[in-house]
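A.B. asks: Pasting in a structure now, in structure tokens, and then I'll have a few things to ask.
Read the figures in this text as sums done on the coordinates, not as results from a lab. These numbers were taken from a predicted model, which means no experiment stands behind them. Note that each Cβ is placed from the backbone with ideal geometry, even for glycine, and that neighbours are counted across all protein chains shown.
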Amino acid sequence: MKKFKFFIFNTSILIITSLIFRGIDIYFTAYISQKIGSEYVGIYQLVMSVYLFGITLATSGINLAVTRIISEELALNNSGSLKKVMKRCLYITLITSVSTSLIFWVNSDFIISKCLHNKVDKSVIHLVCLALPLISMSSALSGYFAGVRRIYKNAIGQFIEHVAKVLVCAYLINIFLPKGITYSCFALILGDLISEIISFIYTYTVYLFDKQKYSNSVELVKHNNYSHRILRISIPVAITSYIRSGLTTFKQIIIPSSLEKSGINCNQALSKYGIINGMALPVIMFPDILVKSFASLLIPEFARYNAKKDYKRIKQMAGLLLFLIGGCALLLTIILFIFSDILGIWLYKDSSIGFYIRILAPLATFIYVDTVVDSILRGLDAQIGVMIINILDLLISTSFIYFAVPKLGVIGYIISIYISEVLNFTISLFQVIRIVYFKKAKI
């Protein structure tokens, strides 16, 4: 009962704070879109695609490895090993993140010309390079707090980061915008870098105090293979993440180019991309933050049950979660569809955004349920399968964008989004049914 109450407490904290964060993000996106326009929202989305690829290379699956190993060690009452695990994880993530930053720095000219249409200066990429080590180490520390079930400490760090980002970016964009619209992306990424510095200082300081709780704990089962265990989880996840993130970045980069081939100019293509990807989709994804907050706590829970071989409990939890999330997701989809025009006008002062929100609203059910399904699979040590599914989805949807969008235009891009989400959901759900109700049931 105590563990259940603790789970509910962590879930509530995550849901409340995540709602606040996503609300801040959407409001901030609306504010930025009114400041710089839909075309430069599209450019900013391209910059963020490159940024996220860098984050994937830098973190290299370390968050999941930390959460899994910390959860397993606590389940086996081996808390004396936690500091050693974290020390190894931080060393590994520092090496990967600094290496990634060097690669991006050296190739900044290529990234600007080939990926960002020469719309921003290479100083934007240099800012990204400075942020990557901080983000990577923060990811490892976040995995630690998830593993020890003190998720509220992550929530506080994220709150500080979000508030700092909004305040700093709003201040910087008012300074840089008079110098020219091209400076807007520099202001936004600089604001992000400053917020990451603040967040890392907080998170690392809290970790230093938190780990003292285990200072007197004895390592009951001594292992010399912590690095091996970390790499066993992180390397396969990293490799598949690299492929997935690389394909995702490539997919995002070719969308404006494919739209341009359909008969519209570059500025119009970037504007449509900004409207759909940077304005309409974030509204569709807003309720998903509720699901992600809950789902992130499922990984350590299912990892514990899996470590104890409690397959009956796994089956019961999986069935209940899919039923509840499916019902809630359908309700949220209906709400988004009905109030799409109101949301477009309220957030962006533009009814045309509501049109795209309504078209994309049916995707919400697939997205929300798939989030929970992926977390269940990761908790059951099936993270490689999740990545393979994501890669397959990306290969198919990217191929559709490359070959069909030049002929179909914006409608083709929307169809590609549906293909991606529905395919991912269907295969992932099949994997959960196969593992939970057939494979585990036979053991």
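A.B. asks: Let me have the 222 nm mean residue ellipticity of the chain computed from DSSP H runs of 4+ only, each contributing -39500 (n - 2.57), with the sum over all residues rounded to the nearest 500.
C.D. replies: Value at 222 nm, helices only, nearest 500: -29000 deg cm²/dmol.
A.B. asks: Enumerate the residues in segment 145-168 having an amide nitrogen under 18 Å from the point lying 7 Å beyond the Cα of Arg313 toward its Cβ.
C.D. replies: 147-150
A.B. asks: Ratio to report: Rg/Rh of segment 337-391, with Cα atoms as the point set and Rh obtained by the Kirkwood method; give two decimals. Can you show the working numbers first?
C.D. replies: Numbers: Rg = 16.2 Å, Rh = 13.1 Å.
Value, to two decimals: 1.24.
A.B. asks: If you don't mind, another one. Quick one: of Lys261/Lys407; Lys84/Lys153; Lys84/Lys292, which pairs are farther than 18 Å apart, Cα to Cα?
C.D. replies: Over 18 Å Cα-Cα: Lys84/Lys153; Lys84/Lys292.
A.B. asks: Please label the shape of segment 136-268 as rounded, prolate or oblate, based on the square roots a ≥ b ≥ c of the eigenvalues of the alpha-carbon gyration tensor (a/c under 1.5 means rounded; beyond that, a/b larger than b/c means prolate, else oblate).
C.D. replies: Working: a/c = 3.99, a/b = 1.57, b/c = 2.54.
Because a/c hits 1.5 or more and a/b fails to exceed b/c, segment 136-268 counts as oblate.
A.B. asks: Could you tell me which trypsin sites (Lys or Arg not before Pro) in segment 283-392 are loop residues by DSSP with no more than 14 other beta carbons within 10 angstrom of their beta carbon?
C.D. replies: Of the trypsin sites (Lys or Arg not before Pro), the ones in loops of segment 283-392 whose Cβ has at most 14 other Cβ atoms within 10 Å are Lys308, Lys309, Lys349.
A.B. asks: Next up: Tabulate in residue order the Karplus-calculated ³J(HN,Hα) for segment 343-354, using 6.51 cos²θ - 1.76 cosθ + 1.60 with θ = phi - 60°, rounded to whole Hz; enter x for Gly and Pro.
C.D. replies: The phi angles translate into 5, x, 6, 5, 7, 10, 6, 8, 5, 5, 5, x Hz.
A.B. asks: Which order do Leu343, Leu130, Leu102 fall in if you start with the one that has the fewest other Cβ atoms within 10 Å?
C.D. replies: Neighbour counts put them in this order, fewest first: Leu102, Leu130, Leu343.
A.B. asks: Hey, another quick one. Return the label of the correct value of Rg and Dmax of the Cα atoms in Å, as calculated from the structure shown, out of (i) 20.8, 61; (ii) 21.7, 68; (iii) 23.4, 85.
C.D. replies: Read-out from the structure maps to (ii).
A.B. asks: Report the label-to-label distance for Thr182 and Phe110 in nanometres (one decimal), using points 7 Å from each Cα along the Cα→Cβ vector.
C.D. replies: 2.3 nm
A.B. asks: So if each residue of separation counts as 0.36 nm, and I subtract the Cα-Cα distance between Leu330 and Phe430, what length gain in nm does that give?
C.D. replies: Full extension from Leu330 to Phe430 adds 34.1 nm.
A.B. asks: Further, regarding this structure: Within 10 Å of each residue's Cβ, count the other Cβ atoms and sort Leu19, Leu394, Leu132, Leu259 from fewest upward.
C.D. replies: Leu19, Leu394, Leu132, Leu259
A.B. asks: Right, another one. Want the number for Lys35 to Ser227: 0.36 nm per residue separation, take away the alpha-carbon distance, what's left?
C.D. replies: 64.4 nm
A.B. asks: R0 = 45 Å: FRET efficiency of Val422 with Cys266, Cβ-based, nearest 0.05?
C.D. replies: 0.90
A.B. asks: Treat every Asp and Glu Cβ in the chain as -1 and every Lys and Arg Cβ as +1, leave all other atoms uncharged, and give the resulting dipole magnitude about the Cα centre to the nearest 20 debye. Please report the intermediate quantities before stating the final value.
C.D. replies: Details: 42 positive and 22 negative charges, 338 e Å.
Here the size comes out at about 1620 debye.
A.B. asks: Can you give the relative contact order of segment 39-97 as a percent, counting alpha carbon pairs under 8 Å and 6+ residues apart?
C.D. replies: 45 percent
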